[in-house]
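Below is one structure, written out as structure tokens; comments come after it.
The values are calculated or read from the model by the stated rules, or taken from the named source; none is laboratory data. Just so we're clear, the structure is a prediction, and the values are computed from it rather than from any experiment. We place every Cβ from the backbone using ideal geometry, glycine too, and count neighbours over all the protein chains shown.
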Amino acid sequence: MESIVKLTQEAFEIIEQLKEKHGPLMFHQSGGCCDGSQPMCFEKGEFKTGDSDICLGIIADCEFYMSCDQYEYWKHCELTIDIVEGRGSSFSLEIPLGVRFITRSRIIQAL
């Protein structure tokens, strides 16, 4: 199955910088609340996934997870991870670089 998660070149370059500094990475798409519904980047294994999380694919050799509940809302979309300038309010590894990851979505399958 092809991954529904894609990556812009700009996001790829930031991920490569982060891998050089932190080693293997992973992503988890936040469901909102304190994290503002953004993709969060962690050192691999730092974020503990559980039975309610699914791996949607691999981006830049990093697993990308989302909770099953949130996936129900986004399962008809292709997700593209991008980067924008500005500080997000999270523990994601890119924050000290003055950028943050965002998820852009595009419907690929009608409901």
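What to note about this one:
- The lone criterion from (1) surrounded by 13 or more Cβ atoms within 10 Å (Cβ to Cβ); (2) out of contact with any strand residue (DSSP E or B) (no Cβ under 6 Å at 6 or more places or on another chain); (3) not aromatic (Phe, Trp, Tyr) left unmet by GLY57 is number (2).
- Scanning segment 58-103 for residues that are of a type in the set (Gly, Ala, Ser) and either under 10 Å from the mean Cα position of the chain (by Cα) or within 16 Å of GLU43 (Cα to Cα) (or both) gives ALA60, SER90, SER92.
- Filtered residues of segment 81-111 (kept if of a type in the set (Gly, Ala, Ser) and surrounded by 12 or more Cβ atoms within 10 Å (Cβ to Cβ)): GLY88, SER90, SER92, SER105
- Some residue of segment 72-80 being surrounded by 20 or more Cβ atoms within 10 Å (Cβ to Cβ), closer than 19 Å to SER105 by Cα and of a type in the set (S, T, N, Q): no
- Members of segment 76-99 that are of a type in the set (Val, Ile, Thr) and part of a loop (DSSP other than H, G, I, E, B): none
- Of the residues making up segment 54-101, just one is of a type in the set (Val, Ile, Thr), out of contact with any helix residue (DSSP H, G or I) (no Cβ under 9 Å at 6 or more places or on another chain) and in contact (Cβ under 8 Å) with a residue 40 or more places away in the chain, namely ILE58.
- Residue ID - nearest to the chain's Cα centre (by Cα), chosen from residues in segment 1-44 that are at pLDDT 95 or above and among the small types (Gly, Ala, Ser): ALA11
- Scan of segment 69-111 for residues that are of a type in the set (S, T, N, Q) and within 17 Å of MET26 (Cβ to Cβ), ordered by number: GLN70, SER90, SER92, THR103
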